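The values are calculated or read from the model by the stated rules, or taken from the named source; none is laboratory data. Not measured: the values here are computed from a predicted model. Ideal geometry is used to build each Cβ from the backbone, glycine not excepted, and the neighbour counts take in all protein chains shown. Keep in mind that these areas ignore ligands, DNA and RNA; they rest on the heavy atoms of the full protein, side chains included. Shrake-Rupley method; radii C 1.70, N 1.55, O 1.52, S 1.80 Å.
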Amino acid sequence: LKVVRSVAELRALGIAGCGFVPTMGAFHEGHLSLMRASAAENDVSAISIFVNPTQFGRGEDFERYPRQEERDLSMAADAGVQVAFVPPVEELYPAGDATRVEVPGLSEPWEGAHRPGHFTGVATVVNKLFNIVQPKAAYFGLKDYQQCMVIERMVTDLHMPVNLKFKETVREDDGLAMSSRNVYLLPEDRRIAPLLYEAMQSAARAARSGRPVAEALSSAIASLTGAGFEMDYLALVDPLSLQPIHDVVQDARLLAAARLGGTRLIDNLAV
Ligand code: PAF
């Protein structure tokens, strides 16, 4: 595995046309499944590890976000990755950096409403990374469903020559969606955390079998709140526009975010 830290070094490798998995590190099986897919489907497979400051709001976890570079690099090598781009912050945001990429509409509800500016930071850094790495294919996890939709909009609107590959959420045995932030969960909260996905599945089942969507959602919210979650949102949305819907349609998506102790969990599923 070749590790490079500057744009110049990366360019000198001549890996345009590779498969690419952008990450913030702290790898789990979800990241590894993306890397394995990229390695299987491309001659050269690259990753980036960059905890992107512009996608964290004030008071969020930028400083304490888990950083474990050595472990990550050895996991990436085992998953078949050949190149890791691991720039310092000044490499991607040098003095004077000012340009931001905004994706209005899709960035605004849900995560965007709870984390103002988050998707501008994501779109900006993904755009920079695509320009630097020039991948043919880029891999993202559907756990961040809204992020996938925002990036797809950006790639379409800016005619970026990248094939986006969205891969299913990888879950722990008890159903909890894998996330680098799960390490923040206290043991008692970790025990309760799988209830989020369970309640979402029950709500999806109820809505599919004809229970009014509003009722299915409010009963899931009541049970989660009773179990100790503070809900940011639970909503049934159109899979492309992300606008709330009141009837189950093909590929409707259930989106959720909730706080448990000090940890924020997000999840989604196709209904
Ligand atoms: O999903 C992530 O890990 C990040 O949002 C991404 C896409 C690497 C951009 O920083």
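Apart from one condition, Tyr65 fits all of (1) in contact with a His (Cβ under 8 Å, 6 or more places away or on another chain); (2) surrounded by fewer than 20 Cβ atoms within 10 Å (Cβ to Cβ); the exception is (1). Hey, could you check region 128-163 for residues that are part of a strand (DSSP E or B) and away from the ligand (no atom under 13 Å from the Cβ) and say which is nearest to Leu240 (Cα to Cα)? That would be Asn163. Looking at region 171-256, the helices (runs of 4 or more DSSP H) lying wholly inside it that each contain 1 or more residues that are within 18 Å of the chain's Cα centre (by Cα) and either closer than 22 Å to Gln146 by Cα or among the hydrophobic types (A, V, I, L, M, F, W, C) (or both) sit at 195-208. Could you tell me whether region 207-221 includes any residue that is within 27 Å of Glu41 (Cα to Cα), of a type in the set (Lys, Arg) and open to solvent by 40 Å² or more (accessible area, probe 1.4 Å)? Scanning region 207-221, I find no residue that is within 27 Å of Glu41 (Cα to Cα), of a type in the set (Lys, Arg) and open to solvent by 40 Å² or more (accessible area, probe 1.4 Å), so the answer is no. Among all residues of region 39-46, there is at least one that is in contact with a helix residue (DSSP H, G or I) (Cβ under 8 Å, 6 or more places away or on another chain) and crowded, with 18+ Cβ neighbours inside 10 Å. The number of residues in region 19-31 being under 23 Å from Glu172 (Cα atoms) and open to solvent by less than 20 Å² (accessible area, probe 1.4 Å) comes to 6. Checking Thr124, Thr120 one by one, the residue that is open to solvent by 10 Å² or more (accessible area, probe 1.4 Å), farther than 16 Å from Met35 by Cβ and assigned to a helix (DSSP H, G or I) is Thr120 and no other. When Lys136, Lys165 are checked against the criterion of being surrounded by fewer than 21 Cβ atoms within 10 Å (Cβ to Cβ) and closer than 19 Å to Pro239 by Cβ, a single residue qualifies: Lys165.
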